[in-house]
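Right, one structure below, let's go through it.
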Amino acid sequence: MTSPRVAVWRNGAATAVSPDEPVVTAFDLGLGRGDGVFESALVAGGATPHLDDHLTRLRRSAGILGIAHPGDDAVRAVVATAVEGWPADVEGACRVFLTRGLGEGTPPTLLALLAAVPAETLRQRTAGISVVTLSLGIPADFRAGAPWLLGGAKTLSYAVNMAAGRHAHSVGADDVVFTSLEDRVLEGPTSTVVWATGGTLHTPPVETGILAGTTQARLFARAEADGWPTAVTAGTVADLHAADAVWLLSGIRGAAPVTRLDGVERGDTGLSARVRELLAR
């Protein structure tokens, strides 16, 4: 029941297909050009509790790229088709892809993939991760004035992100924090950076062109309601080293505490338990 699943939007309806059945043409621009957007939604208890946040961000990403959006009902339908009957005791990752299809005058391609969350991802939630910082080679505010760089969009053009992850693994780390030329903290290849200092939770400003984190937004809303102050801060790598705790947040992994940063061991002063409790509410 936890074998990978695929659902596609065809002729105005969501259809489940075999994972080994072809679902896109080789001429699809999402495949040939990376011209598309995506979201990854957690499946827990046999449902997608945070899907609305992902629907909002998918619409925003599609708007930035100028890709026709088939509507939230279509996205909900392919997700529901993929998730139907998924075991409640198995966490899943449902990835929704929306591409430009064959181009001008043709409908977009919409599909959803579902698979169990890998054991290593689950382990990192509590065991933590080792992280290295890597520069993106641009000033922190550059993407704000360069819309062609698609800042803030969750696109299929993830080759650099994946290369960064491979580099991290090659030097004995699990993940990456991207930085600007000024050594300012930006984001992870697949995550949002959050750190705690002086009784306040911090995260970088989205004006730098980073992706707005759905999990980070949910954490900050619940932290504020719980009396834990939050702030949007133009932090640096030095701020991360000096912080009481650092996490990489994403929809599937949750909040992974950083246990080593650029080779330096670090703790979380016991704050990760509180973060996990807030996200579990």
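The values are calculated or read from the model by the stated rules, or taken from the named source; none is laboratory data. No experiment lies behind these values; they were computed from the predicted model shown. Neighbour counts are summed over all protein chains in view; Cβ atoms, including those assigned to glycine, are modelled from backbone coordinates with ideal geometry. The accessibility values were calculated without ligands, DNA or RNA, using every heavy atom of the protein model including side chains. Shrake-Rupley method; radii C 1.70, N 1.55, O 1.52, S 1.80 Å.
Just name the residue that is nearest to Gly254 (Cα to Cα) out of those in the range 93-105 that are open to solvent by 30 Å² or more (accessible area, probe 1.4 Å) and touching a residue at least 60 places away in the same chain (Cβ under 8 Å).
At the first step, the residues of the range 93-105 found to be open to solvent by 30 Å² or more (accessible area, probe 1.4 Å) are 95, 97, 100, 102, 104-105.
With touching a residue at least 60 places away in the same chain (Cβ under 8 Å) added as a condition, the list becomes 97, 100, 102.
Details: Phe97: 21, Arg100: 30, Leu102: 35 Å.
Selected residue: Phe97.
Considering only the range 191-210, state which residues are of a type in the set (A, V, I, L, M) and open to solvent by 30 Å² or more (accessible area, probe 1.4 Å).
Val206
Sort through Gly213, Gly188 and tell me the only one that's buried (at least 23 other Cβ atoms within 10 Å of the Cβ) and either closer than 18 Å to Leu261 by Cα or charged (D, E, K, R) (or both).
Testing whether each residue is buried (at least 23 other Cβ atoms within 10 Å of the Cβ) and either closer than 18 Å to Leu261 by Cα or charged (D, E, K, R) (or both) leaves just Gly188.
Do you know which residues across the range 143-162 are open to solvent by 60 Å² or more (accessible area, probe 1.4 Å), out of contact with any Lys or Arg (no Cβ under 6 Å at 6 or more places or on another chain) and touching a residue at least 60 places away in the same chain (Cβ under 8 Å)?
Residues satisfying the conditions are Ala144, Pro147, Ser157, Ala159.
Just the residues that are open to solvent by 50 Å² or more (accessible area, probe 1.4 Å) and either of a type in the set (S, T, N, Q) or assigned to a helix (DSSP H, G or I) (or both), please, taken from the range 107-124.
Within the range 107-124, Ala119, Glu120, Leu122, Arg123 qualify.
Would you list the helices (runs of 4 or more DSSP H) that sit entirely within the range 25-92 and hold 2 or more residues that are among the aliphatic types (A, V, I, L, M), in contact (Cβ under 8 Å) with a residue 12 or more places away in the chain and in contact with a Cys (Cβ under 8 Å, 6 or more places away or on another chain)? Explain how you work it out, then say what you get.
Values: elements: 29-32, 51-65, 72-83.
Once the helices (runs of 4 or more DSSP H) in the range 25-92 are filtered for at least 2 residues that are among the aliphatic types (A, V, I, L, M), in contact (Cβ under 8 Å) with a residue 12 or more places away in the chain and in contact with a Cys (Cβ under 8 Å, 6 or more places away or on another chain), what remains is 72-83.
Residues of the range 166-185 being open to solvent by less than 60 Å² (accessible area, probe 1.4 Å) and touching a residue at least 40 places away in the same chain (Cβ under 8 Å), which ones?
Of everything in the range 166-185, those that are open to solvent by less than 60 Å² (accessible area, probe 1.4 Å) and touching a residue at least 40 places away in the same chain (Cβ under 8 Å) turn out to be Gly172, Ala173, Asp174, Asp175, Val176, Val177, Phe178, Thr179, Ser180, Val185.
Hey, among Asp73, Asp89, Asp53, which residue is under 23 Å from Ala217 (Cβ atoms) and among the charged types (D, E, K, R)?
Asp53
Go through the residues of the range 159-173 one by one and say whether even a single one is in contact with a helix residue (DSSP H, G or I) (Cβ under 7 Å, 6 or more places away or on another chain) and either closer than 22 Å to Thr121 by Cα or of a type outside the set (Phe, Trp, Tyr) (or both). Walk me through it before giving the result.
Start the filter on the range 159-173 by keeping residues that are in contact with a helix residue (DSSP H, G or I) (Cβ under 7 Å, 6 or more places away or on another chain), which leaves none.
No, there is no match, as no residue in the range 159-173 is in contact with a helix residue (DSSP H, G or I) (Cβ under 7 Å, 6 or more places away or on another chain) and either closer than 22 Å to Thr121 by Cα or of a type outside the set (Phe, Trp, Tyr) (or both).
Does at least one position in the range 61-77 carry a residue that is in contact with a Lys or Arg (Cβ under 9 Å, 6 or more places away or on another chain) and among the acidic types (Asp, Glu)?
Within the range 61-77, one or more residues are in contact with a Lys or Arg (Cβ under 9 Å, 6 or more places away or on another chain) and among the acidic types (Asp, Glu).
Looking for whichever is surrounded by 15 or more Cβ atoms within 10 Å (Cβ to Cβ), within 29 Å of Ala88 (Cβ to Cβ) and in contact with an Asp or Glu (Cβ under 8 Å, 6 or more places away or on another chain) here; the options are Arg5, Arg57. Which one fits?
Arg57
Within the range 88-121, how many residues are touching a strand residue (DSSP E or B) at 6+ places or on another chain (Cβ under 9 Å) and under 19 Å from Ala41 (Cβ atoms)?
23
Quick one: how many residues across the range 8-21 are over 21 Å from Ala116 (Cα atoms) and open to solvent by 50 Å² or more (accessible area, probe 1.4 Å)?
Count: 4.
Report whether or not Ala231 is more than 13 Å from the chain's Cα centre (by Cα), without any contact (Cβ under 8 Å) to a residue 40 or more places away in the chain and open to solvent by less than 40 Å² (accessible area, probe 1.4 Å).
Answer is yes for this residue.
What number goes with the only condition from (1) at pLDDT 95 or above; (2) of a type in the set (A, V, I, L, M, F, W, C); (3) open to solvent by 60 Å² or more (accessible area, probe 1.4 Å) that Val78 does not pass?
Answer for Val78: the failing condition is (3).
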